[in-house]
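Undergrad: Have a look at this one before I ask anything.
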Ligand code: ADP
Ligand code: ZN
């Protein structure tokens, strides 16, 4: 195997993201961040049968003395709860996990957030190693150290900043990912190009077929570039007071759509997160052109690229613009100054804008192209 691509994430607790096909079988790479003897391998009921035995066997080959426990939750965002968190605490207690124990999160963003938060809390904080198995988790949640669970009152309301010891992304694991989940991850990859680098958008356009065919080299490049963009902005602004907010491009509109649909994406009746962000990015780009900030041609290109990836780009039927606007006003990222939009100066350049008039926003939401 050739050496993995690596991305260094800086900050108070720096760590390395390793990206390559086959890493889930590479015991030395998996065990590198493990200090003590106790490991809790956390996963969900879709991912565990595919990869947990392999990961456990690789770990045992590399570190024969490890005591490895398993913690497996049912799949889905609705499992990211305090109840499951409590069960994770119970699993750590049953394992006899000491302060040098490690939680290994094997799965998508749900497992990563829940297991990361469990690691943040057990004995006031133990190591977590993230093994993301969705493209979304590889390019988004694996950088930045945010961990959380949801409450009935809202998503991610209880959580902590807890950076991982290491992140290991095996591109081969993406071969079993449902196509819809792959596309959702590609929406976030496109987002990085849209806000930071027009050249990366061109690269995505040129490599769209390879990415959709899950070519390991193309995926590794897309993941590494995405993680670099995110690592860079998170290093500049770890607690989201400034530039990190640019990562919300497409998310103000996207979250409003997701909440209005009652997060029906996982049941198949609504858009999932990446799909909602795809629509949201097109709306943000259109609002930017309507305000005279960005060239229309760039908005058209962005839409075409998202469509090549099989992503929706038009407002779903049945959502009232007034209700979406009301949702955006309630978004936790809105403040006393009103809705903060990430708008576009064109491909690769974004900035925060407040004080956009309701009429412009409503007109954008009513445009159902
Ligand atoms: P995300 O990373 O998008 O936040 P989830 O953690 O909810 O999402 O994962 C999305 C779905 O994909 C879940 O049903 C999960 O069990 C499943 N899944 C995750 N990784 C894989 C994989 N590599 N192969 C097959 N299914 C997977
Ligand atoms: Zn997102």
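Here, each number is a calculation from the coordinates, and none is a lab measurement. In this text, all values refer to a predicted model and were calculated from it rather than measured experimentally. Counting neighbours? That spans all protein chains shown, and the Cβs are built from the backbone with ideal geometry, glycine included.
Undergrad: In whole Å and largest first, what semi-axes does the C-alpha gyration tensor of segment 1-134 yield when each eigenvalue is scaled by 5 and square-rooted?
TA: Output for segment 1-134: semi-axes of 21, 17, 16 Å.
Undergrad: Let me ask you something else. Using DSSP, restrict attention to beta bridges with both residues in segment 48-182 and report what percent are antiparallel, rounded to the nearest 5.
TA: Percentage antiparallel, nearest 5: 40.
Undergrad: Expressed in nm to one decimal, what extension gain is obtained for the pair residue 345 and residue 123 from 0.36 nm per residue of sequence separation less their Cα-Cα distance?
TA: In short, 75.3 nm is gained.
Undergrad: Cα-based Rg of segment 83-129 per 2.2 N^0.38 Å, rounded to two decimals?
TA: 1.01
Undergrad: Let me ask something additional. Taking the 0 to 90 degree range and rounding to the nearest ten, how far is the long axis of helix 251-260 tilted relative to the main principal axis of the chain, both from C-alpha atoms?
TA: In the chain, helix 251-260 runs at an angle near 80 degrees to the longest axis.
Undergrad: Still on this structure, please answer the following. Which length gain, in nm to one decimal place, applies between residue 363 and residue 99 when the Cα-Cα distance is subtracted from 0.36 nm times their residue separation?
TA: Fully extending the segment from residue 363 to residue 99 adds 89.5 nm.
Undergrad: Give me the tail of P(r) for segment 47-104 as a percent: Cα-Cα pairs with distance above 18 Å.
TA: 44 percent
Undergrad: Quick check for you: which residues of segment 57-79 have the amide N under 20 Å from the point 7 Å beyond the Cα of residue 6 toward its beta carbon?
TA: Hits in segment 57-79 for residue 6 at 20 Å: 59, 62-63.
Undergrad: I would also like to ask the following. Considering every pair of different Cα atoms, what Kirkwood radius, in Å, is found for the chain?
TA: 20.8 Å is the Kirkwood radius here.
Undergrad: Roughly speaking, what % of Cα-Cα pairs in segment 214-369 are separated by over 18 Å, rounded to a whole number?
TA: 60 percent
Undergrad: Another one. Taking the Cβ-Cβ separation of residue 330 and residue 35 as r and a Förster radius of 56 Å, what is the calculated FRET efficiency to the nearest 0.05?
TA: After rounding to 0.05, the efficiency reads 0.85.
Undergrad: Right, another one. What is the mean projected area of the alpha carbon convex hull for segment 141-286, to one decimal in square nanometres?
TA: Orientation-averaged projected area of the Cα hull: 9.5 nm².
Undergrad: Return one number: the angle in degrees, 0 to 90 and rounded to the nearest 10, between the long axis of the Cα atoms of helix 273-290 and the longest principal axis of the Cα atoms of the chain.
TA: 30 degrees
Undergrad: Let me ask something else. For segment 298-369 and segment 28-79, what is the separation of their C-alpha centers, rounded to whole Å?
TA: 40 Å
Undergrad: I would also like to ask the following. Ranking 341, 161, 200 by Cβ neighbours within 10 Å, fewest first, what do you get?
TA: In increasing order of surrounding Cβ atoms, one gets 161, 200, 341.
Undergrad: By how many nm would the segment from residue 317 to residue 50 lengthen if fully extended, with 0.36 nm per residue of separation less the alpha-carbon distance?
TA: Length difference between fully extended and current span is 92.5 nm.
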